[in-house]
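Everything on this sheet refers to the single structure shown next.
The values are calculated or read from the model by the stated rules, or taken from the named source; none is laboratory data. Quick caveat: nothing in here was measured; it's all calculated off a predicted structure. Here the Cβ positions follow ideal geometry from the backbone for every residue, glycine too, while neighbour counts run over all protein chains shown. For the accessible areas, the whole protein counts, side chains as well, though only heavy atoms, and no ligand, DNA or RNA atoms are used. Shrake-Rupley method; radii C 1.70, N 1.55, O 1.52, S 1.80 Å.
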Amino acid sequence: MDAAAGGVRTVDAARARDGPGHEHGRAPPGGTRAGGAGRDDGGMDSHSVAPGMHGDDEVLALLQRRRAAGRRVGSHRDGRRVALVIGGGGMRGAYAGGMVHALEEAGLAGCFDEVWGSSAGAFVGTALVLGHGENAARIFSDDMACREFIDPRRFGTRRPMVSLDHLLDHILVESKPTDWDSLVTSPVPLNVMVTRPSDLAPHVLTGLPDGGTWKAAMRATAAIPLLAGPPVRVGEDEWIDGSVGDPLPVARALRSGATHVLALMTRTADELVTPPADARTPLWARSLDRLAPGLGRMAQDASRHGECLPLLTDAAHPDREGAHLLTLTPHSSAGVRGLTTDRTRVRAAARIGYETVAEMLGGAAAA
């Protein structure tokens, strides 16, 4: 890790795994659900315990063993390192919010050793780390599905279409209060993805020295010029939305030493493979491409999520190096996109996310 000015630590995403390897847990009786017959269309692995669950159920088994052991958060002594990775996607974060709510209700929130998130995923991850799982599910429909936060009429004016001021200085102060200082002493580290605008390289912000710096990091991981505000300075550098560089930092977590990864996606398996029939490049993305070639495409993280599929679906992928990886995708779509403000749809997305985890836990119990 690099130590930047003011105690800000950034991790260059291109670096290889630090330190020696970790012992990997064995599969539960009956074998490990990893790999399996893939889909001919290159989509998500069809091998699952429940709808939306893809990959290796040893991840879930370890979480359940940790819950049964009843150790304090951050004090697990089983030789494993479990990472929760939460994808971005703007208002699609409602799916992940529902998933985190269900994980917390099931008593599994304290079973992770570290949390990783990009953009909306970083905010959802913050809620889990601070014990606000229910708020993670409700905030999208209760507080963010409104014109105060997202208003396309502001595009092309001096005010950003997406108001991070409203989110950080109103919603997370008055409606869903967030104590940023608590992240400094959290026994579970939060790793926030950001992107350097000069070269669009992804970086990780973690181990920040105070609540003010954490709040700045959260603004940075969601900042997109012309859409959600200018780059944000944290330490000696300026940063923009983490999803531009890495919308789902599973590889990052593996390289940092995670032996088990639970990845929460904000798109269904089909959406990851086949874009909606009416999908088109929005005006704001085309404007970004004129500002910096390639930025508009990268800011639309659908294509970037698609790039993760080989790692997520292939148990023999070289970046996995024997680690256990379980991916959750919403079991169905509520029709929510990055800038959706339809409260009914957004509320349905959170419910779908919650149900996806509930079905996973129910399916595992019945297996």
Item to check | Of the trypsin sites (Lys or Arg not before Pro) in segment 115-171, those whose Cβ has at most 10 other Cβ within 10 Å and which sit in DSSP loop | outcome: Arg158
Item to check | Asp210-Glu134 pseudo-label distance in nm [points 7 Å out on the Cα-to-Cβ vector] | outcome: 3.3
Checklist entry - Amide H to amide H under 5 Å from Leu325: which residues, 5+ apart in sequence or cross-chain, H placed 1.01 Å off N in plane? => result Asp56, Val261
Item to check | DSSP-assigned coil residues among GluC sites (Glu not before Pro) in segment 92-195, each with at most 14 further Cβ atoms within 10 Å | outcome: Glu148
Next on the checklist: Taking 0.36 nm per residue of sequence separation and subtracting the Cα-Cα distance, how much length would be gained by fully extending the chain between Ser75 and Leu200, in nm to one decimal?
Outcome noted: 41.4 nm
Item to check | Relative contact order of segment 140-278, pairs being alpha-carbon contacts under 8 Å that are 6 or more residues apart, as % | outcome: 20
Checklist entry - Across the Cα atoms of segment 100-186, what radius of gyration and what greatest pairwise Cα-Cα distance (Dmax) are found, in Å? => result 14.4, 46
Checklist entry - At Arg147 and Ala68, where each label point lies 7 Å from the Cα along Cα→Cβ, what is the point-to-point distance in nanometres? => result 5.5
Checklist outcome for this item: The relative contact order of segment 180-261, taking Cα pairs under 8 Å that sit 6 or more residues apart, comes to a percentage of 30
Checklist entry - Round to a whole number: what % of the accessible area of segment 59-114 belongs to carbon and sulfur, probe 1.4 Å? => result 43
